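Beneath this line is the structure, given in structure tokens, with notes to follow.
The values are calculated or read from the model by the stated rules, or taken from the named source; none is laboratory data. As the structure is a prediction and not an experimental result, all values here were calculated from the model. Cβ coordinates were reconstructed from backbone atoms using ideal geometry, including for glycine residues, and neighbour counts include every protein chain displayed.
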Amino acid sequence: MTEVQVRPTETRPESGGVSFMQATWLVAEREIKAFLQTKGFWIGLGAIIVGLFAASILPGVIGGGPTQVAAVGPEVSRVLQASEFEVREASDAAQAEDLVRSEEVEAAVVPDTTGESPAGVRVVALESPRAT
């Protein structure tokens, strides 16, 4: 019969050895430090920061002022003037719609004659906002 030899399990000494997690952390730390020392990282980071700053500031600077809105009726005009809109008063809904079509204003708030609006007004514009 063949004799089975039992090999002793290999043990790591507690001192002087590095565990897998310590080795992984050591390599990751070295790679991150090396990456942070490259010029490309800092140039890219600077470009991203400048781009984000420009994307948040430039629309307000280039935007062209407040939105112009036509309003029919004194109540609607009063409510719109309390907001950030530049209000142009129109005598009736037809005149307000003409102002929108001629692009003198971006939208018009007119009385709702269909009864579909709970607020009693409807907004007339050349483009309706897309539902998301």
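Surrounded by 10 or more Cβ atoms within 10 Å (Cβ to Cβ), in contact with a Ser or Thr (Cβ under 6 Å, 6 or more places away or on another chain) and not β-branched (Val, Ile, Thr), is that true of Phe85?
Yes.
Out of segment 68-98, which residues are closer than 21 Å to Asp112 by Cβ and in a loop (DSSP other than H, G, I, E, B)?
Gly73, Ala82, Ser83, Phe85, Ser91, Asp92
Of the conditions (1) in contact with a helix residue (DSSP H, G or I) (Cβ under 7 Å, 6 or more places away or on another chain); (2) exposed (fewer than 10 other Cβ atoms within 10 Å of the Cβ); (3) among the hydrophobic types (A, V, I, L, M, F, W, C), Ala70 satisfies every one except a single condition; which number is it?
(2)
Output the residue which, of all residues in segment 58-67 that are touching an Asp or Glu at 6+ places or on another chain (Cβ under 8 Å) and either closer than 20 Å to Val123 by Cα or modelled with pLDDT of 80 or more (or both), is surrounded by the fewest Cβ atoms within 10 Å (Cβ to Cβ).
By that ranking, first place goes to Pro66.
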